[in-house]
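In what follows, a single structure is set out as structure tokens and then discussed.
The values are calculated or read from the model by the stated rules, or taken from the named source; none is laboratory data. Keep in mind the model is a prediction, meaning the values are calculated, not measured. Please note: Cβ atoms are built from the backbone with ideal geometry, for glycine as well, and neighbour counts cover all protein chains shown.
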Amino acid sequence: MRDVPGQQVPVNGRTVYVEESGQGQDWVVFEAGGGCGRTCWDPVLPPLAGKARLVTYDRAGRALSGPITQQLSVDDLAADLIAMTEAVVPGEFVLVAHSMGGLVARRAAERLGPRLRGLLLVDPTPETSPVYDTWDQTTKKIDRMLAVTQPLSRFRPLARLFSGNVRPLFSADTYQTMLAENFTPAGTSQTRKEMRAVAAAIPQFRARPPQLPKCPTIVLSASRAAKGRERQSAAIREHQRRYAEILPDGRYEAVDSAHLIQAEQPHLVADRIGRLLSRNS
């Protein structure tokens, strides 16, 4: 099991578990995708350790953060992200977000203002994407599946089976921590809540899209689609490209990877973070 020091940080009447690593004057904050916690960024941290202070965390209710009973919205999660950075990060920083975390980061960016030096969105799904046209049905279908696996995940052999697609992408110690924290009944329950949060957020994002971030922004797009999802992935990539094009200072980049770019291409992700840091140094 990985052994990294961390702390519980109070945010908005709840707590989130935060780990800090690296060294330097610059700061980078990481927001995980749905179903993931701070550990999903482990592959990216070593290449950046000598360049910046690195902050990873678990959203409220996930992994080592304090338990919650209520259903949090994406706006709630964005408020938690802001509160966490106000407590931990002394000044400006680059924000890195994966997948669902992109929704959280974009909403948070509205209030972060000049504190946000740069934004790296790792395979986000813009709310304009047609995949969200039927997201309510998709959420219900996946929720039914997770409801079945949730009690079964307390049995370690079954948890290993459910997490088989993740295991090859991470080091043994990171995977063991993921197995103990995320592929559990509590972790699965929180994943279900996060999926519901996204389903509720999409109509709101379509009605009132977040303000465009004024900071330099890079959108990384996974170009390797899962079998049978080629058309869906192509549509998502097109909407990622369109989003990047309307940004005041945006760049779109296709990456030879599946969805977990930070695990498959960690040095590329670290390099793009470095570029955002150097833009304002």
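One table, with the values for the structure above:
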item: Breaking point among (1) assigned to a loop (DSSP other than H, G, I, E, B); (2) free of Cβ contacts under 8 Å to residues at least 40 places away in the same chain; (3) buried (at least 17 other Cβ atoms within 10 Å of the Cβ); (4) not β-branched (Val, Ile, Thr), for Ser65; result: (2)
item: Candidate set from segment 214-223 (those that are at pLDDT 95 or above and part of a loop (DSSP other than H, G, I, E, B)); member that is surrounded by the fewest Cβ atoms within 10 Å (Cβ to Cβ); result: Ser223
item: Leu276, sole failed condition from (1) closer than 23 Å to Phe93 by Cβ; (2) touching a helix residue (DSSP H, G or I) at 6+ places or on another chain (Cβ under 7 Å); result: (2)
item: Residue satisfying all of: in segment 237-267; touching a residue at least 40 places away in the same chain (Cβ under 8 Å), surrounded by 19 or more Cβ atoms within 10 Å (Cβ to Cβ) and more than 17 Å from the chain's Cα centre (by Cα); farthest from Pro114 (Cα to Cα) among these; result: His239
item: Residue that is nearest to Ile261 (Cα to Cα) [pool: residues in segment 165-176 that are out of contact with any Phe, Trp or Tyr (no Cβ under 9 Å at 6 or more places or on another chain) and buried (at least 16 other Cβ atoms within 10 Å of the Cβ)]; result: Phe170
item: Selected residue (criterion: modelled with the lowest pLDDT) from residues of segment 123-179 that are of a type in the set (Lys, Arg) and touching a helix residue (DSSP H, G or I) at 6+ places or on another chain (Cβ under 8 Å); result: Arg156
item: Residue, nearest to Gly102 (Cα to Cα), within segment 224-234, restricted to residues that are small (Gly, Ala, Ser) and surrounded by fewer than 16 Cβ atoms within 10 Å (Cβ to Cβ); result: Ala234
item: Pro47 being surrounded by fewer than 24 Cβ atoms within 10 Å (Cβ to Cβ), out of contact with any Ser or Thr (no Cβ under 8 Å at 6 or more places or on another chain) and modelled with pLDDT under 95; result: no
